[in-house]
1. Just for the stretch 69-100: of the residues that are touching a helix residue (DSSP H, G or I) at 6+ places or on another chain (Cβ under 7 Å) and more than 22 Å from residue 44 (Cβ to Cβ), which one is surrounded by the fewest Cβ atoms within 10 Å (Cβ to Cβ)?
2. Would the stretch 69-81 turn up any residue that is under 14 Å from the mean Cα position of the chain (by Cα), at pLDDT below 90 and farther than 17 Å from residue 99 by Cα?
């Protein structure tokens, strides 16, 4: 099930400490997900964040994709939802909205 932004709303969504980038296999983005570098998780249950055209291939193989607010138009169109820019805490806000991390500003 997904919320109105297209993001998974089930409790099985967990953050992964997997960095998907150019690795020994030469794969990047979506190729990294498909070549097994996302251990014990199905790509369709993953959420990808991106801000560059190279991230679009990753968006194509995950269940939900989030474009950062300052991403180029082609990235914004490819994502299932958009968040604020990194500078405006878009990444953290989206994770907090999903209940994956606490988020707030101290007084």
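The values are calculated or read from the model by the stated rules, or taken from the named source; none is laboratory data. Predicted, not measured: the structure shown is a model, and the values here were computed from it. Note: ideal-geometry Cβ built from the backbone for every residue, glycine included; neighbour counts use all protein chains shown.
1. Here the answer is 74.
2. No, that holds for no residue.
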